[in-house]
Amino acid sequence: MAGGKDGVVQRVIREVSAGTGFPMLTKTNYSDWALLMKVKLRARLLWTAIEKGGVEPHEDMQALDALCSAVPPEMWPVIANKETAKEAWEAIATMRIGDDRVKKASAQNLRRQFDSATFKEGESVEDYALRLNSMASTLSTLGDKVEETQVVEKIIRSVPQRFRQIVVAITMLLADLTGRLKAAEDAFEEPPSAMHHEGKLYLTEKSGMHGGGSVMMRKLVVEVAAA
């Protein structure tokens, strides 16, 4: 699938420093770069040096070396002069997404886009979920964490007209919801239709027992009126 977050991630993966295995930071890929670096540093047991600091000197230097391998040469003097890998990581974030005031303004603007997002004409469920998840990921990078259940609820509330009724536990993973909606979408021969915003949203609660304890299952029910 071309475009969207998938295309960005593929581009980031291709832009890898020779022989290091780390993605190369550019002027436009910070959010995806940060996610991939987190995975790779965790795999090398170095993420604690970035997240919390206070690790053994050799671990800190290994993490700092990894950062130097994943940024363009013009950034080397800035991060190489930092005392710790944690300080270097924070310096990279500031250079790419700005200080706290800039991050807050960017987060507010992106949050408005997330809250007002709807299915586009001809957009598939998978593409829509990918677009929302990309915004949620960037918001988290900017300090405005979006829970996966919020993305799920967002999709449910803006479901297209052809999905007449959907009942789903809000604890369902985004991948599960996307898969179920995609399966329903594939059953339709007609292309995705325009949004229908006059559906009804209900929140119900059901008590049950699970693992010896009481579990409260919250469900969202969306009824979309016929055209």
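The values are calculated or read from the model by the stated rules, or taken from the named source; none is laboratory data. Nothing here was measured: the structure is a model prediction, and the numbers come from that model. Cβ sites come from the backbone with ideal geometry, for glycine too, and all protein chains shown count toward neighbours.
What the table below lists for this structure:
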| item | result |
| --- | --- |
| In region 48-60, residue surrounded by the fewest Cβ atoms within 10 Å (Cβ to Cβ) [restricted to those that are out of contact with any Gly (no Cβ under 8 Å at 6 or more places or on another chain) and touching a residue at least 12 places away in the same chain (Cβ under 8 Å)] | 52 |
| Matching residues in region 74-113 - criterion: being in contact with an Asp or Glu (Cβ under 9 Å, 6 or more places away or on another chain), more than 22 Å from residue 54 (Cβ to Cβ) and either among the hydrophobic types (A, V, I, L, M, F, W, C) or not in a helix (DSSP H, G or I) (or both) | 107, 110 |
| Some residue of region 42-61 being outside any loop (DSSP other than H, G, I, E, B) and among the polar types (S, T, N, Q) | yes |
| Residue selected from region 78-111 under the condition among the acidic types (Asp, Glu) and surrounded by 12 or more Cβ atoms within 10 Å (Cβ to Cβ), by the criterion farthest from residue 60 (Cα to Cα) | 90 |
| Region 141-160, residues that are among the β-branched types (Val, Ile, Thr) and either part of a loop (DSSP other than H, G, I, E, B) or in the same structural domain as residue 36 (by TED's automatic domain parsing) (or both) | 146, 159 |
| Enumeration of residues in region 25-41 that are in a helix (DSSP H, G or I) and among the charged types (D, E, K, R) | 32, 38, 40 |
| One residue from 64, 36, 45 being among the hydrophobic types (A, V, I, L, M, F, W, C), more than 25 Å from residue 139 (Cβ to Cβ) and surrounded by fewer than 21 Cβ atoms within 10 Å (Cβ to Cβ) | 45 |
| Candidate set from region 136-157 (those that are within 11 Å of the chain's Cα centre (by Cα) and crowded, with 19+ Cβ neighbours inside 10 Å); member that is farthest from residue 32 (Cα to Cα) | 151 |
| The one condition in (1) aromatic (Phe, Trp, Tyr); (2) assigned by TED's automatic domain parsing to the domain that holds residue 75; (3) modelled with pLDDT under 85 that residue 163 fails to fulfil | (2) |
